[in-house]
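A quick write-up on the structure given underneath.
The values are calculated or read from the model by the stated rules, or taken from the named source; none is laboratory data. It should be emphasised that the depicted structure is a prediction, and the values quoted were computed from it without experimental measurement. Cβ sites come from the backbone with ideal geometry, for glycine too, and all protein chains shown count toward neighbours. Keep in mind that these areas ignore ligands, DNA and RNA; they rest on the heavy atoms of the full protein, side chains included. Shrake-Rupley method; radii C 1.70, N 1.55, O 1.52, S 1.80 Å.
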Amino acid sequence: CAVAGGQSLASQHERSIRSQVPREALPFVEILSVLEKPCSPKVLASLVAVPSDVVISSLVQRGILEERGAGFRLHDVARPMFASEIADHDRDRWERQVAQAFCDAADLDLVVEAVRLWAKLQDIDQLVSTLNARCEDLVRGGHEAEIWTIVEPIGDGRVERWRLRLAVDVADVSHLLSFSQPADRIAEAQTTWARALFLTARFYEAADAA
């Protein structure tokens, strides 16, 4: 809908969202802008000053924040606007701090966020370190499809072990056909390879690899 000056109501609204956030709440909202999953103020308190309940409630009422269980997330309309207005170095700093803090979280949703952020930052060393420490927990917790979606596009060989493992866990046959036998001869790697061969109907090879 056009208004005077050729600007849309939507664009005016987008520019006004940040101005609706009290100054003391901006860091809290900015850190939520790098997250996709809801996060509780208690968890974020170690990273950023948490606004009062009154301020948070007002942000929910204005449609800037959404309350999900015990946590909050930025509304899908507000998130890209905030992300685009944060300087690159500040956004990278937030993403790195959050990823580092969430690696060891008991809440597996937060660990998924850590994996996603390390991948976004292209910090493969940290990504692999997190997968080495937490991927088994994530798979047991039913997050294998989410993690596969994150690591599937990554071509770095350091991630290949986990790409193969996750492709097997989600039974992504089309991608499994593109994998080669792991160079790592440890039992776990060879067992995963045998499963990949079985899933792609290479039964004789699977029997030999098992």
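Within the stretch 171-210, if we keep just the residues that are assigned to a helix (DSSP H, G or I), of a type in the set (D, E, K, R) and surrounded by 11 or more Cβ atoms within 10 Å (Cβ to Cβ), the residue that is modelled with the lowest pLDDT turns out to be 205.
Select, from 136, 95, the only residue that is open to solvent by 20 Å² or more (accessible area, probe 1.4 Å), at pLDDT 90 or above and not polar (S, T, N, Q). None of the other options fit; the residue is 136.
Yes or no: the stretch 107-124 includes at least one residue that is within 30 Å of residue 73 (Cα to Cα), of a type in the set (Val, Ile, Thr), out of contact with any strand residue (DSSP E or B) (no Cβ under 7 Å at 6 or more places or on another chain) and at pLDDT below 95.
No: the stretch 107-124 contains no residue that is within 30 Å of residue 73 (Cα to Cα), of a type in the set (Val, Ile, Thr), out of contact with any strand residue (DSSP E or B) (no Cβ under 7 Å at 6 or more places or on another chain) and at pLDDT below 95.
Filtered by the rule that a residue be part of a strand (DSSP E or B) and open to solvent by less than 60 Å² (accessible area, probe 1.4 Å), the stretch 28-71 gives 39, 65, 66, 71. The C-beta contact set for the stretch 162-185 (first residue farther than 17 Å from residue 142 by Cβ, second residue among the charged types (D, E, K, R) and part of a loop (DSSP other than H, G, I, E, B), distance under 7 angstrom, 6+ apart or interchain) comprises 163/152; 175/152. On inspection, residue 76 does not qualify as loosely packed, with under 15 Cβ neighbours inside 10 Å, closer than 25 Å to residue 126 by Cα and either of a type in the set (A, V, I, L, M) or over 14 Å from the mean Cα position of the chain (by Cα) (or both).
Please work out which residue is farthest from residue 102 (Cα to Cα), limiting yourself to the stretch 116-152 and to residues that are outside any helix (DSSP H, G or I) and more than 14 Å from the chain's Cα centre (by Cα).
Start the filter on the stretch 116-152 by keeping residues that are outside any helix (DSSP H, G or I), which leaves 122-123, 141-143, 152.
After this cut, where a residue has to be more than 14 Å from the chain's Cα centre (by Cα) as well, the list is 141-142.
Numbers: 141: 16, 142: 18 Å.
This residue is 142.
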